[in-house]
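Written below as structure tokens is the structure these notes are about.
The values are calculated or read from the model by the stated rules, or taken from the named source; none is laboratory data. Note that the structure is predicted; figures quoted are calculated from it, not measured. Don't worry about glycine lacking a Cβ; one is built from the backbone with ideal geometry, like all the others, and counts go over all protein chains shown. We work out accessible area using only protein heavy atoms, side chains counted, and drop any ligands, DNA or RNA first. Shrake-Rupley method; radii C 1.70, N 1.55, O 1.52, S 1.80 Å.
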Amino acid sequence: MAFFRVALDLPLPELFDYSAGMADWGADGSAGLGRRVIVPFGRKSSVGLVLEATPESTFDPARIKPVREILRDTPPLPPAWLELLRFCAGYYQHPLGAAALAALPAKFKTAQAFDPLLWTRLQWIGAAPEYPKRERVKTMLAATLAQAPQFGCDLAGASPKALHYLAEWRAAGLIGEAPAPALVVADAPQLNPEQAAAAAAVIAALATAEGKQPAAPYTPFLLHGVTGSGKTEVYLHVAAQALQRGRQALILVPEINLTPRLLEHFRTRFPASRVVALHSGLNESERLHNWLLAHTGGADIVLGTRLAILTPMPRLGLIVVDEEHDPSFKQQEGMRYSARDLAVFRAKNEAVPVLLGSATPALESYAHAQSGRYTRLAINSRAVPDAMLPKVSLIDLNVTPAENGVAAPVWAAVQARLERGEQSLVFLNRRGFAPVLSCPACAWVSACLRCTSYLVLHRRRGMQTGGKLVCHHCGWEEKVPEACPTCGNIDIRAYGQGTQRLESHIAEAYPGARVLRIDRDSTSRKGEAEALLNQAHGGEVDILVGTQMLAKGHDFKNLTLVAAVNVDAALFSSDFRASERLFAQLMQVAGRAGRAEKPGEVLIQTRKPDHPLFQAVIAADYDRFAKTLLAERSAAGLPPAAFQAMLRVEAVKLDTALAFLKAAAECGIEQGGVTLYDPVPMNLTRLMNVERAQLMAESPSRPALQAFLSRWVPWLYANAPRSVRWHVEVDPLEI
Ligand code: ADP
Ligand code: ZN
Ligand code: ZN
């Protein structure tokens, strides 16, 4: 007998066995692997994905049902993709079926048949026929195809009949498959010597990797280039070589908002190549379309956020992870994977080079570069001739107090920029108008009833009163009360300052200046972020106010001043990664200043001017700071000197969660070099009316931790009471 093990889109961890006909089995079952199948499930039928093939099943053969149909309308998911998902599921302790299905576009998991014409590049075989004008669709299709070959999917949207006509023409031999167009590389700036050396190293690896799947010599590359050093240009040069070799390139960025500009760069540089985006901002049809193009090999470049790492790409030749240090590469729900770490695995498994780029590499990556596991490629100066790294100064708030959150030297520096017609950026990583509303008479504070957090005050655009109170954790919203709900005092006050309030202070201080706030609230509608960022790039803005959304990646040519006004909180965090994150954030946001010819200036307001972190930022000395942090982490036995996994448990009552954690800690499973710490309530203990606690497992050895988890997780499945929800996060970034 022969069996397929199938993942079904159900909230169940296991795979389901179905018997396969000998024709479908092939020599070893591989004929069905990676294919969508229709199988009976209960009284209905379901669409699933064949993940494994086995000659034996552990189930009673008499009760195993046969596969109803194998769908062959798309190529099967390739073995390398199945290996990636198997690794991912194993490493992150997630059920394989759930992992695989989560990686697929929703519309691909249906029985809908896809016409292979969709991803075939079509062209007229002879001259395009002429159709009478009234045959509008045919006339249009004929003309479009006559201009240049087109993918069926690009024509399909024109009319419900489009695919039908294409099929007709194809059957009649009028159109056929067009060869891929020759690579066109538009004019590119000459790389400077440091950029050229970095590109050459990766290109050499491309050449060795060629034809040696799956065992080429391999080290990941860490492109450590200061802000404005022209890392994008290196990616473009290396990608050109991958495309030249007929391979696909996968480019990962941390944020959706960085995709439009990068797409534009790639499309301009490679006008004949197919560049597609994959991120959560696409609707299901767009996602399916781009994903299918990647999967069938029609797309040459896939540019996307973390989920794009799981895209099947049959001709994959290069992976780039831009801003590799960014925490956004970590998926925070469901399967909690790190797209950066998966990129490294995937590149190795498929024997292609991977290039991790950053001005402030993650300490993990830096440690690998120190030990020689990664090859470090450095760019130490800015790319634009004469552009310098900005001058960074601190403003000691103990000496120079702030007025409306901003100290006098910052107000003056912004004024000077206005007079010179240059742009300023005021950075404040806190959304809303004010972080809390409170009553001075009775000490009432605006607290979320569902979470251990305050409700944040949000004003309506341009308004100084009213608005709403919002929980940034659970989304709860309510109207701002007119008087204290406890004592009736009408003089309730907003304490502290978020970007909205800062924006209104700035607008008041500089009447006539064009002030633009960019944060998650001002960009919540589709297309809004792109529109606002275009205004900023287009020079239509004098003063930008914003959160970390503005800090990453953007290349504002006329921006010469960055002011960071409230950053000290991170210095007091209980999370050992807080200072690494703050350092990266400050270096990144500082890096927005002075990227072209005009020199940049950065002002940081703080009450702790002597803190070594700020000294490192002033000196722009990543290496010194990283070495200090690494030494501290080794001494304390923390990552990257150790490996961690977090068991998190949620329940209605904290005690229930803690009790299960305690049981899990005392379950008697062989720990083998793994330390289990005491269960503790999470910082944000209550979220959406559930109470949360966690327990850390830690080991100096990654294999030891992995081995322990593979014993422990089955115990958790078997022993978790119905009253709790739990998950394990491997390599957690937030403690
Ligand atoms: P990074 O990503 O390293 O911060 P970018 O890739 O945004 O830097 O590049 C910064 C600026 O330098 C961009 O305006 C880019 O066009 C320019 N640039 C890059 N390489 C060169 C080069 N070789 N010569 C001149 N300008 C360059
Ligand atoms: Zn009160
Ligand atoms: Zn809440």
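Listed by first and then second residue, the pairs linking a residue in segment 431-454 that is among the charged types (D, E, K, R) to a residue that is away from ligand 3 (no atom under 15 Å from the Cβ), with Cβ atoms under 8 Å apart and 6 or more places separating them unless they lie on different chains, are Arg431/Gly498; Arg431/Thr499; Arg431/Gln500; Arg431/Asp519; Arg431/Arg520; Arg431/Asp521; Arg431/Thr547.
Scanning segment 656-670 for residues that are touching a helix residue (DSSP H, G or I) at 6+ places or on another chain (Cβ under 8 Å) and β-branched (Val, Ile, Thr) yields a single hit, Ile669. The conditions of being over 27 Å from Ala347 (Cα atoms), at pLDDT below 95, assigned to a helix (DSSP H, G or I) and of a type outside the set (Val, Ile, Thr) are met by Leu155.
Matching residues to (1) open to solvent by 90 Å² or more (accessible area, probe 1.4 Å); (2) within 22 Å of Ala102 (Cα to Cα); (3) modelled with pLDDT under 90:
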{"residue": "Met1", "(1), (2), (3)": "yes, no, yes"}
{"residue": "Gly26", "(1), (2), (3)": "no, no, yes"}
{"residue": "Gly32", "(1), (2), (3)": "no, yes, yes"}
{"residue": "Arg35", "(1), (2), (3)": "no, yes, no"}
{"residue": "Ile38", "(1), (2), (3)": "no, yes, no"}
{"residue": "Thr58", "(1), (2), (3)": "yes, no, yes"}
{"residue": "Pro75", "(1), (2), (3)": "no, yes, no"}
{"residue": "Ala80", "(1), (2), (3)": "no, yes, no"}
{"residue": "Arg86", "(1), (2), (3)": "yes, yes, no"}
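Within the bounds of segment 394-409, is there any residue that is within 31 Å of the chain's Cα centre (by Cα) and assigned to a loop (DSSP other than H, G, I, E, B)? There is no residue in segment 394-409 that is within 31 Å of the chain's Cα centre (by Cα) and assigned to a loop (DSSP other than H, G, I, E, B). Only residues that are open to solvent by less than 20 Å² (accessible area, probe 1.4 Å) and either more than 20 Å from Arg633 (Cβ to Cβ) or over 29 Å from the mean Cα position of the chain (by Cα) (or both) were counted across segment 695-727, and they come to 7. Looking only at residues of segment 544-555 that are under 14 Å from Ile518 (Cα atoms) and part of a loop (DSSP other than H, G, I, E, B), we find that the one that is nearest to ligand 3 (Cβ to nearest atom) is Thr547.
Residue count for segment 488-503, restricted to those that are over 21 Å from Ala569 (Cα atoms) and surrounded by fewer than 20 Cβ atoms within 10 Å (Cβ to Cβ): 5. Only residues that are hydrophobic (A, V, I, L, M, F, W, C), open to solvent by 20 Å² or more (accessible area, probe 1.4 Å), closer than 24 Å to Asp300 by Cα and part of a helix (DSSP H, G or I) were counted across segment 120-152, and they come to 1. Of the residues making up segment 515-535, those that are farther than 14 Å from Pro260 by Cα and under 24 Å from the mean Cα position of the chain (by Cα) number 9. Considering segment 425-450, and only residues there that are surrounded by fewer than 21 Cβ atoms within 10 Å (Cβ to Cβ) and within 16 Å of ligand 3 (Cβ to nearest atom), the residue that is nearest to Leu684 (Cα to Cα) turns out to be Arg450.
For beta carbons closer than 6 Å, sequence separation of 6+ or different chains, a first residue in segment 619-641 that is within 26 Å of Leu705 (Cβ to Cβ) and a second that is open to solvent by 50 Å² or more (accessible area, probe 1.4 Å), the qualifying pairs are Ala641/Ser634.
The sole residue among Leu613, Leu629, Leu647, Leu638 that is more than 16 Å from ligand 1 (Cβ to nearest atom), closer than 20 Å to Ala720 by Cβ and either buried (at least 17 other Cβ atoms within 10 Å of the Cβ) or modelled with pLDDT under 95 (or both) is Leu647. Looking only at segment 457-487, how many residues end up being of a type in the set (A, V, I, L, M), open to solvent by 50 Å² or more (accessible area, probe 1.4 Å) and within 16 Å of ligand 2 (Cβ to nearest atom)? Of the residues in that region, 0 qualify. Quick check on segment 435-456: of everything there that is aliphatic (A, V, I, L, M) and either within 16 Å of ligand 2 (Cβ to nearest atom) or touching a helix residue (DSSP H, G or I) at 6+ places or on another chain (Cβ under 6 Å) (or both), which residue is nearest to Leu654 (Cα to Cα)? Result: Ala447. Of the strands (runs of 3 or more DSSP E) lying entirely inside segment 590-704, those containing at least 3 residues that are closer than 26 Å to Val414 by Cα are 601-606.
Do we find that Phe329 is crowded, with 23+ Cβ neighbours inside 10 Å, assigned by TED's automatic domain parsing to the domain that holds Gln548 and of a type outside the set (A, V, I, L, M) in this structure? Answer is no for this residue.
If you check Arg420 against the conditions, is it basic (Lys, Arg), within 16 Å of ligand 2 (Cβ to nearest atom) and open to solvent by 50 Å² or more (accessible area, probe 1.4 Å)? So Arg420 does not fit the description; no.
Listed by first and then second residue, the pairs with beta-carbon distance under 8 Å, at least 6 apart or on different chains, first residue in segment 102-115 and within 14 Å of Cys153 (Cβ to Cβ), second basic (Lys, Arg), are Pro105/Arg287; Lys107/Arg287; Phe108/Arg36.
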